[in-house]
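Q: The following block contains the structure, expressed as structure tokens.
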Amino acid sequence: MSNATQPLVRATDLAKTFDVSAPWLNRVIERKPKMLLKAVNGVSFDIERGKTLALVGESGCGKSTVARLLVGLYEPTRGGFQFDGQDAHAAFKTAEGRKLRRRVQMVFQDPYASLNPRWTVGDIIAEPLREHEILSDTGAIDQRVGELLQSVGLSAQDRLKFPHQFSGGQRQRISIARALATQPEFLVCDEPTSALDVSVQAQVLNIMKDLQRKHGLTYLFISHNLAVVRHVSDQVGVMYLGGLVELADKHTLFDTPRHPYTRMLLEAIPKMHDTGKARTAVAGEVPNPLNPPTGCAFHPRCPHANARCSSEKPEMKNYTGVRVACHAVEEGRI
Amino acid sequence: MSLLQVKNLVVEFPSRKGTLRALDDVSFDIAPGEILGVVGESGAGKSLTGAAIIGLLEPPGRVGSGEILLEGQRIDNLPYAQMRAIRGRKIGAIFQDPLTSLNPLYSVGRQLIETITTHLPLNASQARARAIELLKDTGIPAAEQRIDHYPHQFSGGMRQRVVIALALAAEPKLIVADEPTTALDVSIQAQIITLLKTICKERGAAVMLITHDMGVIAETCDRVAVMYAGRVAEIGPVHDVINRPSHPYTAGLMACIPDMSQDRENLHQIDGAMPRLNAIPRGCAFNPRCTKTMDKCGQQRPNLVKAGNTQAACWLHETGGAA
């Protein structure tokens, strides 16, 4: 099945809608309509084997929903995703799906909430080994857990301790060790360093890059921090209100951003070495996803918006090396 | 004269296993109208310094020794009622999470008017007019209508604007802003920082800006204090601290931050983690993680001394010698 030229992960028109309606009785009495929240609305991308795709965007743009769709925690409303040539969401439902889940693992944002405080670190990391029946012999499990801990820079003896005995950065390394236990090919990392201090963030990012080189891992890296994204990724996708607005390789995106929203995000980063220089603050806020603007979702905040932008939703179009969803770019206005 | 002077401040937490020193000999001052940044990693004591200044240390935390002076008057030993009159009137505070600093049961107008009438000799309708003006100044559209709305009807960025309006309500001389933009998205963060900077400049209020984000410090502050394990590691003009750090910890911290302008295969990392309060190493607190450590570092604690344009607490600079 596996094919070197085809991307490991291919998401096609992925969409997820949540029903956030009031309870049935309230709807009947107060005559309220059903409310649907389009968290992710038609997102397509490929990730090649051994590469990192980063998704960036502000809170509520749907990046974490994409992550959860890819590991099978949510069922897509529309579209799907292919893993190594097979339809992953169909496979997740069958017995074959267990084998697939082994190859796709996830690292969560909050290292304090994602480890069971009553379990030893050894039990936490051994859980996927037992669950997926990779190893059953206690001695072999202990040895494998020891190796995993060492691979993330902790000591094999740490398996006897409990999560509260570790700092935030060390806990995040335990989460990474757990995710690596099944020897996955694809790791979905949802804001893995957002809860960490910069010096600890550097340690975790370095470990993640080393592991990628060593095991040829493929990452989907979700973050709102553009500097971190620039450091870890090969490709970057920028999301706004449930859709991708720009997708390009890292250098193209950071050197020549095309979409006005990407430009705004890059402008908004405080520059470390130009002290005292004020940022050009952008007006407006992310609109309510329950009631998104017509046409291009960004048009109320966009300096280049015209009548077409407020009526017609732009499609993702290919330009040299970049995919952008913007009428102004298409018309050559910017 | 300095607006605020903090002299050898020690904050302690008595515990059954002995007294823990959370702030150890912290000294700095803030001039009128100046923006001082306080930066450091979690547990460095930044927020505690802010809490000590506004007199909101949570028991059993207490000021062990040292002094805090506002306009030359000691404020660290004032009785509760007197400190309450200063808090809000002379020192305003902005906290990280705008939703928890506002009362969800009262409209924002009621909260603003309450603060204004407590501190200023205005009647209810004058206070309301002033509240509307404050909301307008902080960039809230349709302030006349928004004043009667409740906190949940505002977005995160708008709520933080309301909190800034509250902090400015009685025209304080000093504003202590503890991580004011950490809970906000980058585009909103830029708006809030710009607002904070311009509005404080206009009113001549000094700001103590506590944050872990060096980028925010770089664009906002005049001077910056870098804290580590309850001590000031380095303090000086923001440009010098960022571009020519004198303390090895500051240098390491700067190198850890992913840079937008250059590509590096691996980030610089400082091995280890900040020590716990009950296990602060002897001598310089940073010495077990420092790459330039000497024998002396593990024995004697360095004082803040002049190092280039900044002041650093490091033995490399104590003799005035090579860095």
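Q: Taking the 0 to 90 degree range and rounding to the nearest ten, how far is the long axis of helix B:156-168 tilted relative to the main principal axis of chain B, both from C-alpha atoms?
A: 90
Q: Another question, if that's okay. Which of A:Leu14, A:Leu220, A:Leu290 moves most in a GNM of chain A, Cα contacts under 10 Å?
A: Judging by the Gaussian network model, the answer is A:Leu290.
Q: Relative contact order for segment A:258-334 using alpha-carbon pairs under 8 Å, separation at least 6, rounded to a whole percent?
A: Values: 74 pairs, mean separation 21.0, N = 77.
Once divided by the residue count of segment A:258-334, the mean separation gives 27 percent.
Q: For each of B:Arg223, A:Arg49, B:Arg16, count neighbouring Cβ atoms within 10 Å of the residue's Cβ, then give the residues from fewest to most.
A: B:Arg16, A:Arg49, B:Arg223
Q: Please check: in the Gaussian network model of chain B (C-alpha springs, under 10 Å), which one of B:Glu34, B:Glu133, B:Glu171 has the largest mean-square fluctuation.
A: In this elastic network of chain B, the residue with the biggest mean-square fluctuation among B:Glu34, B:Glu133, B:Glu171 is B:Glu133.
Q: OK, next. Shape call for segment A:28-100 from the C-alpha gyration tensor, a ≥ b ≥ c root eigenvalues: rounded (a/c under 1.5), prolate (a/b greater than b/c) or oblate?
A: Details: a/c = 3.01, a/b = 1.52, b/c = 1.98.
Oblate is the answer for segment A:28-100, as a/c is 1.5 or above yet b/c matches or exceeds a/b.
Q: If one takes the longest principal axis of the Cα atoms in chain A, at what angle in degrees, from 0 to 90 and to the nearest 10, does the Cα axis of helix A:138-151 lie?
A: 50
Q: To continue, here is another question. Please list, in chain and number order, the residues 5+ apart from B:Gln300 or on another chain whose amide H is under 5 Å from its amide H, with Hs placed from the backbone.
A: HN-HN under 5 Å from B:Gln300: B:Cys284.
Q: Okay, next question. Please list the non-local residues whose amide H lies under 5 Å from the amide H of A:Lys317, H modeled 1.01 Å from N, same-chain partners needing a gap of 5 or more.
A: A:Val324, A:Ala325, A:Cys326
Q: So how many Å³ per residue does the convex hull of the Cα atoms of chain B work out to?
A: On the way: hull volume 48.7 nm³, N = 323.
Value for chain B: 151 Å³ per residue.
Q: By counting other Cβ atoms within 10 Å of each Cβ, how are A:His259, B:His317 ranked from fewest to most?
A: B:His317, A:His259
Q: Can you show me the helix-derived [θ] at 222 nm for the protein assembly as shown, built from DSSP H runs with n ≥ 4 at -39,500 (n - 2.57) apiece and divided by the number of residues, rounded to the nearest 500.
A: Per the formula, -9500 deg cm²/dmol.
Q: Let's test this: bin the Cα-Cα distances of segment A:196-312 at 5 Å from zero up to the farthest pair and state each bin's percent.
A: 2, 9, 16, 19, 18, 16, 10, 6, 4, 1, 0
Q: Just going by the charge dipole of segment A:258-334, with Lys and Arg at +1 and Asp and Glu at -1 on Cβ, which of A:Ala328, A:Ala307, A:Leu265 is farthest out on the positive end?
A: A:Leu265
Q: To continue, here is another question. Using unit Cβ charges (K, R positive; D, E negative) and no other charged atoms, how large, in debye to the nearest 20, is the dipole of segment A:258-334 about its Cα centre?
A: Here segment A:258-334 has a charge dipole of around 160 debye.
Q: So, with +1 on the Cβ of K and R and -1 on the Cβ of D and E, and no other charges, what is the size of the charge dipole of chain B about its Cα centre, to the nearest 20 debye?
A: 780
Q: Okay, moving on. Near the amide H of A:Lys161, under 5 Å away, which other amide H atoms are found, from residues 5 or more places off or on another chain, if H is placed in the peptide plane?
A: Here the answer is A:Val121, A:Gly122, since their amide H atoms fall under 5 Å of that of A:Lys161.
Q: Can you compute the equivalent ellipsoid semi-axes for segment A:258-334, i.e. the square root of 5 times each eigenvalue of the Cα gyration tensor, sorted largest first and rounded to whole Å?
A: Semi-axes (√(5λ), whole Å): 25, 17, 10.
Q: Could I ask something else about it? Charges on Cβ only, +1 for Lys and Arg, -1 for Asp and Glu, centred on the Cα centroid of the protein assembly as shown; of B:Leu166, A:Ala22, B:Leu195, which one is farthest towards the dipole's positive end?
A: Working it through, the farthest residue towards the positive pole turns out to be A:Ala22.
Q: State the Cα centre-to-centre distance between segment A:100-179 and segment B:191-221 in whole Å.
A: Cα centroid of segment A:100-179 versus Cα centroid of segment B:191-221: 42 Å apart.
Q: Using the 10 angstrom Cβ neighbour count as an exposure proxy, how do B:Cys290, A:Cys302, A:Cys326 rank, fewest first? Display every interim value, and only then the final one.
A: On the way: B:Cys290 20, A:Cys302 23, A:Cys326 26.
Ascending number of Cβ neighbours within 10 Å: B:Cys290, A:Cys302, A:Cys326.
Q: Moving on to the next point. If I take R0 = 22 Å and measure r between the Cβ atoms of A:Arg31 and A:Ser311 in this structure, what FRET efficiency does the formula 1/(1 + (r/R0)^6) give, to the nearest 0.05?
A: 0.15
Q: Also, I was wondering about something else. How crowded by other chains is A:225-238, given as the mean number of beta carbons from other chains within 10 Å of each beta carbon?
A: Rounded to a whole number, the mean comes out at 2.
Q: Picking from B:Leu135, B:Leu36, B:Leu267, which is most flexible by a Gaussian network model of chain B using Cα springs under 10 Å?
A: B:Leu267
Q: Could you compute Rg(Cα) / (2.2 N^0.38 Å) for the protein assembly as shown, with N its residue count?
A: 1.03
Q: Using unit Cβ charges (K, R positive; D, E negative) and no other charged atoms, how large, in debye to the nearest 20, is the dipole of the protein assembly as shown about its Cα centre?
A: 720
Q: Could you go through segment A:261-267 in sequence order and give the Karplus-derived ³J(HN,Hα) for each residue, using 6.51 cos²θ - 1.76 cosθ + 1.60 with θ = phi - 60°, rounded to whole Hz, and x for Gly and Pro?
A: So the J values, rounded to whole Hz, are 5, 4, 4, 5, 4, 5, 4.
Q: Would you please give the FRET efficiency between B:Arg110 and B:Glu58, computed as 1/(1 + (r/R0)^6) with r the Cβ-Cβ distance and R0 = 25 Å, to the nearest 0.05?
A: Between B:Arg110 and B:Glu58 the formula returns 0.40.
Q: While we're on this one: May I ask you to evaluate 6.51 cos²θ - 1.76 cosθ + 1.60, the Karplus curve with θ = phi - 60°, for each residue of segment B:135-147 and list the ³J(HN,Hα) values in order in whole Hz, giving x for glycine and proline?
A: Per-residue couplings from phi come out as 5, 5, 4, 8, x, 9, x, 6, 4, 4, 8, 5, 4 Hz.
Q: Moving to a separate point now. What's the angle, to the nearest 10 degrees (0 to 90), between helix B:108-119's Cα axis and the longest principal axis of chain B?
A: That helix lies at roughly 80 degrees to the long axis.
Q: Would you tell me the mean number of C-beta atoms belonging to other protein chains that fall within 10 Å of each C-beta in B:264-270, as a whole number?
A: Values: counts 1, 4, 7, 12, 3, 10, 5.
Counting other chains' Cβ atoms within 10 Å and averaging over B:264-270 gives 6.
Q: Right, another one. Going by average Cβ neighbours within 10 Å, how do the peptides A:82-90, A:179-187, B:188-196 rank, with the highest at the top?
A: B:188-196, A:179-187, A:82-90
Q: Same structure again: In sequence order, what are the phi-derived ³J(HN,Hα) couplings for segment A:45-57 according to the Karplus relation 6.51 cos²θ - 1.76 cosθ + 1.60 with θ = phi - 60°, rounded to whole Hz, with x for glycine and proline?
A: 3J(HN,Hα) across segment A:45-57, in whole Hz: 6, 10, 10, 7, 4, x, 10, 10, 9, 9, 10, 10, x.
Q: Related question: Mind ordering B:153-166, B:93-106, A:21-34 by average Cβ neighbours within 10 Å, highest first?
A: Numbers: B:153-166: 22.4, B:93-106: 16.9, A:21-34: 10.3.
Highest to lowest by the protection proxy: B:153-166, B:93-106, A:21-34.
Q: Output the relative contact order of chain A, whole-number percent, from Cα pairs under 8 angstrom with separation of 6+ residues.
A: 19
None of the figures in this text is laboratory data; all of them are computed from the coordinates on show. Treat the numbers as computed from the prediction; the structure is a model and nothing was measured. We place every Cβ from the backbone using ideal geometry, glycine too, and count neighbours over all the protein chains shown.
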